[in-house]
Amino acid sequence: MPARCQFPDMCHSLEIRKVIQIQNLWFGTLKQLLLMGTLCYICFALVTDKLYQKKESVISSVHTKVKGLAEVKEETIENGEKKAVPTVFDTADYTFPLQGNSFFVMTNFLKTKGQQRGLCAEYPTHRTLCHSDKNCKQGWMDPQSKGIQTGKCVVYEGNQKTCEVYAWCPTEATAKVPRPALLNSAENFTVFIKNNIDFPGHNYTMRNILPDFNKTCTFHKTKDPLCPIFRLGDIFQETGDNFSEVAIQGGIMGIEIYWDCNLDSWSYHCRPQYRFRRLDDKITNESLYPGYNFRHAKYYMENGVEKRTLVKVFGIRFDILVFGTGGKFHIISLIVYIGSTLSYFGLATVFIDFLINTYSSACCRSCVYRHCKCCEGCVINEYYNRKKCEVIVVPNQTLKYVSFVDEAHIRMVDEQLCGRSLQDVKGKKVPRPSMDFRELSRLRLSLPDARPNPEQPEQMQLLTEVKTPRSSSPAWCRCGNCLPSQLPKDRQCLEELCCRKEPGTCITASELFRELVLSRRALQFFLLYQEPLLTLDTDAADSLLRHGAYRCYATWRFGSPDLADFAILPSCCRWRIRNKFPKSEGQYSGFKSPY
Ligand code: GDP
Ligand code: ZN
Ligand code: ZN
C-alpha cells in the first residue's frame, strides 16, 4: 500500500481496560443495589432541581412608593417655656431620595434651629473644655470639631468654659435621642414595591403586580403572600424585631424578592416570594455607633442672613434585593447532566473495592479464631486482593531478595549492608509467588527421567559433601556447606548468606537441587530452548551453564522473574554451582544489580 494511504500509528490500535470479574453473589447483589440507589438519586436530583433546564439569573428594576401620615409632638421653647406642638409629617417630610434599590423612612430626629455662621463656644466634651486661653489653639480643628478654634476660652453655660470656634452657631448639642421615637407611628406606613424582571436569554419579562392586583391589599405571609404593599410594622414582625425599638436609633432592613421561575409550558410557574432580613448589626451596644443616622440641613434667609436648620435624622433604610433564576428545558443541559453523573456509577465498584481492601489484610491479621465465619470472608477478600493487585518495588541498587529453605516467605532487603552479613539482616517479609503448575509440568518434561547414578563421580562427591558438613564453615553458616566470599572486602557481606535461617540440612542435599540446578542436561536444554543454535562445547560453555544454574536456582526459589533478578544465592549453592561449572582462570565477579 502506498505510504500516503496509511493511517498514522495511533489509528492502528485501541486501548481498552482488562477487568477482573469477581463471581460472588454477595458482592454482585451489593453492586446492583448501589447502582439502583445511584440511579434513583440521579433521577430524583434531575426532577427536583430541574437539572434538564438552562438557568439564567434575573435582572430587574425596582420602584417604591411610601405612604402614610404621622403626628409628631415637637418640643419648642416659647417665651422660655418648653411646649410640645403637634405637627403633621407626610411622605415629603420623612422620606429622602436614595440611590439604588433602597428607600428611607425617618423615624426620629434631633433639630438645631436658627444656625448662622459666626463665633460661639464649642459644645462641651472632654476635648473642648478649657480653663484659660492657653488650652485653646488658634486655627486648630479636627474631623470631630464643630468649627475652627479662635484661641479664646469662653463661657458655654454656667461655669462651664469651652474653646471658642468659628462655626455654624449655636453648635449642635449632642443630646440624647428622643425616646420613644418621634415618628413611632411610622410602623403604620405602607410601601408599594413595583418590581419588573427580565430573563434576556429566555426572552421573558414579568412584574410583581399581577393582573388581579387589589390596590387595598396588604402583604401577609400566608393570607396574601403576593400583595406588593407592605406595612412597615409587619416587616419587622416577620423578622422578630420590635419596630418601636429600632425606630429610636434607626436600622437597615432587607426586603428580598426571590423569583424561581419555571418557564416550561408544561409546568409553568413564575411568582415572586417576599422575605425580610434585618441587615444592620442589632447586637452592638451604644458605644459602637448603633442604628442608622445622617445629618441634613434646610437653608433659608432671614433679614439678609443665611441661616439653616440642622436635623440629625434617624430612620430605617430598606434595601430591596431581587434575585432568582429562570429555567427552561434545554437539551444540551440535559446531556451535560447525564454526562456528569456517569462517574457516579463507578462509586459502586469503588465502595466494594474499599470493602475488600478493608476486610482483607488488616482484618485477617487481627482475626484470632481463623476458622470462625467472619474470618472466612476475610480470607476470601485477601484472595481477591492478591488477584487484583501487583506490588512493584522501585528497583534500587540496594534491592535484594533472600530466601531461606526453612521459611515459607521471602525477605526483601532494601538497604546498604554496611559490613553486616546478609544472613543477619532482617528485611521485610514478602509472600512467595504462587507456583504455576502448568509451567512446572512443562519443566518436568525437560528433565531426564533417569534417577541420578551415584556411581558417577560427580554424584558421589555431592553425597559425601552433604553427609559430612565442613567443620570450618563461617560463623554465619547454618547448614555447614557455606564458604567465605572471595569478593573484595567491601562487597563480601553480600555473599555471606546461608540457605537456612536455623541450623539444619542444606538445600544442596535435596534431589531437586541436583535435578533443576546442577543437571548439565537440564541446563543445556534450557539454554538451547532460548537459543536453539547455541554451541555448547566451547570453553565458554561452563560460564554459560553456571549463569544458567544461578538463574534456575533463583527462578525455582523465588518464583517470579521480577524477584529472581534481585535474588541472592546462598553461599553453599553458589559454590556448589561454581564447583560443578568452574571458571578456568580469574576471580568470580559475583552478583551485579541489573539496574
Ligand atoms: P563471572 O562468571 O566470572 O562473571 O562470575 P559469577 O559466576 O559470579 O557470575 C556473574 C553473573 O552471575 C552476573 O551476571 C551476576 O549478576 C550473576 N550472579 C552472580 N551471583 C548472583 C546471585 O547471587 N544472584 C543472581 N540473581 N545473580 C547472580
Ligand atoms: Zn550454610
Ligand atoms: Zn546450605
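The values are calculated or read from the model by the stated rules, or taken from the named source; none is laboratory data. Just so it is clear, the model here is predicted, and its values are computed rather than measured. With ideal geometry, Cβ positions are generated from the backbone for all residues, glycine too; neighbour counts draw on all protein chains shown. Protein only, heavy atoms only, side chains kept; ligands, DNA and RNA dropped before computing areas. Shrake-Rupley method; radii C 1.70, N 1.55, O 1.52, S 1.80 Å.
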> Helix hunt in the chain: which complete DSSP H runs extend at least 27 Å axially by C-alpha with mean Kyte-Doolittle at least 0.5?
Replying inline: 25-48
>> Greater than 19 Å separation of Cα atoms is the criterion. Which listed pairs, LYS111/LYS298; LYS73/LYS312; LYS65/LYS215; LYS83/LYS298, meet it?
In response: LYS83/LYS298
> Using modelled amide H (1.01 Å from N, peptide plane; none on Pro or chain starts), what sits under 5 Å from the amide H of GLY251, excluding residues fewer than 5 places away?
Replying inline: TYR292, GLY315, ILE316, ARG317
> What are the residues whose amide H is under 5 Å from the amide H of LYS161, where those residues sit 5 or more places off or on another chain and H is modelled from the backbone?
Replying inline: CYS130, TYR156
>> Given points 7 Å out from each Cα along the Cα-Cβ axis, report the PHE294 to PHE213 separation in nanometres with one decimal.
In response: 2.7 nm
> What does the helix-only formula give at 222 nm for the chain: each DSSP H stretch with n ≥ 4 adding -39500 (n - 2.57), the total divided by the residues, and the result rounded to the nearest 500 deg cm²/dmol?
Replying inline: -8000 deg cm²/dmol
>> Run the reach check for LYS400 against lysines, Cα to Cα strictly under 16 Å, same-chain hits fewer than 8 apart removed. What comes back?
In response: LYS426, LYS428, LYS429, LYS592
>> How large a share of the accessible area of the chain, in percent, is made up of carbon and sulfur atoms when the probe is 1.4 Å and the other protein chains stay in place?
In response: 56 percent
>> Can you give the FRET efficiency to the nearest 0.05 for HIS269 and LYS18, using r as the Cβ-Cβ distance and R₀ = 51 Å?
In response: 0.50
> Once amide H atoms are placed 1.01 Å from N in the peptide plane, what residues at a sequence separation of 5 or more from LYS307, or on another chain, have their amide H within under 5 Å of its amide H?
Replying inline: TYR300, MET301, GLU302
>> Could you work out the relative contact order of the chain? I mean the mean sequence separation of Cα pairs under 8 Å and 6+ apart, divided by the number of residues, in percent.
In response: 11 percent
>> Within 12 Å, Cβ to Cβ, of ASN184, how many net charges do the neighbouring residues add up to if Lys/Arg are +1 and Asp/Glu are -1?
In response: -1
>> Could you derive backbone 3J(HN,Hα) for the stretch 57-72 from the dihedral phi with the Karplus parameters 6.51, -1.76 and 1.60 (θ = phi - 60°), listing whole Hz in sequence and x where the residue is Gly or Pro?
In response: 6, 7, 10, 8, 10, 10, 9, 10, 9, 9, 9, x, 10, 9, 9, 10
>> Need the list of lysines near LYS54 for cross-linking: C-alpha distance under 25 angstrom, and skip anything on the same chain fewer than eight residues off.
In response: LYS328
>> Over 10 Å intervals from 0, what percent of Cα-Cα pairs in the chain sits in each interval?
In response: 3, 10, 12, 11, 9, 8, 7, 7, 8, 9, 7, 5, 2, 1, 0
